[in-house]
Amino acid sequence: MERRKFLFGAGSTVIGASALVGSGAFSSVNAERSVDVETTADSSANLAFYANEEYEGDEGEYVTEDKIETIAFSFEDVNRNAVTKYEDLFVVKNNGTQSVQLRVANDPGEPGEDPIWGSGVGTDGPMDIKHPEGGSMVGGNFQQTRAEGSIELGPGEKLVLTVELDTREFGTDSWTDGTIYFEAA
């Protein structure tokens, strides 16, 4: 009988110890994994950007692809102290398989931090991106205020966007260092 108690007690101890060791608790893991990333031009990426071929004018004069096939905007001879609109100038299309909330941030900064102002787009500069209903796509920090200024874009859907240049308050003769931060999540 004593032997049974001993075996039962030893078995219980082994089961208890294995539960403790096998609980999934760990303090670190260092593992190597392979990664394969393939890039493509803006016009064919999961979130595609391209000039609107139906633009009333020469869209290629304002929206071009650079050497690495990302779009760039260039505007010349814009009036001082005026608002100049390029309606329906470019397209953003969701080529992915899930809906995304799309917006433009002045400068997103790091996740969880306030945006870093100074990109020249939105409230701190002469350039704004307008959605089809005419409202601004530019908002605060995307990670904190996702709904403000964002539009849902389902798989296969596209938005035709307008660029607005407002030089009334900025009085710029030349502005060449702006960056547009598109965010989709």
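The values are calculated or read from the model by the stated rules, or taken from the named source; none is laboratory data. The structure displayed is predicted, hence computed values, not measured ones. Positions of Cβ are backbone-derived with ideal geometry, glycine not excepted, and every protein chain shown enters the neighbour counts. Note: accessible area is taken over every heavy atom of the protein model, side chains too, but ligands, DNA and RNA are not part of it. Shrake-Rupley method; radii C 1.70, N 1.55, O 1.52, S 1.80 Å.
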Name the pairs whose Cβ atoms lie under 8 Å apart, with the first residue in the stretch 78-103 and at positive phi and in contact (Cβ under 8 Å) with a residue 24 or more places away in the chain, the second of a type outside the set (Lys, Arg) and open to solvent by 30 Å² or more (accessible area, probe 1.4 Å), and 6 or more positions between them or separate chains?
Asn81/Gly171; Asp88/Glu54; Asp88/Tyr55; Asp88/Glu56; Asp88/Val160
Would you pick out the residues in the stretch 47-77 that are in contact (Cβ under 8 Å) with a residue 12 or more places away in the chain and among the aliphatic types (A, V, I, L, M)?
Leu47, Ala48, Ala51, Val63, Ile71
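May I ask you to list the residues in the stretch 148-158 that are crowded, with 17+ Cβ neighbours inside 10 Å and modelled with pLDDT of 90 or more? If you could, list the steps in order and put the result at the bottom.
Of all residues in the stretch 148-158, those crowded, with 17+ Cβ neighbours inside 10 Å come to 149-151, 153.
Scanning the stretch 148-158 gives a single hit, Leu153.
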Looking at Gly122 and the list (1) modelled with pLDDT under 85; (2) surrounded by 19 or more Cβ atoms within 10 Å (Cβ to Cβ); (3) touching a strand residue (DSSP E or B) at 6+ places or on another chain (Cβ under 6 Å); (4) at negative phi, which single condition is not satisfied?
(4)
Qualifying residues in the stretch 125-147 (those that are more than 22 Å from Val78 (Cα to Cα) and at pLDDT 60 or above) - the one most open to solvent (accessible area, probe 1.4 Å):
Glu133
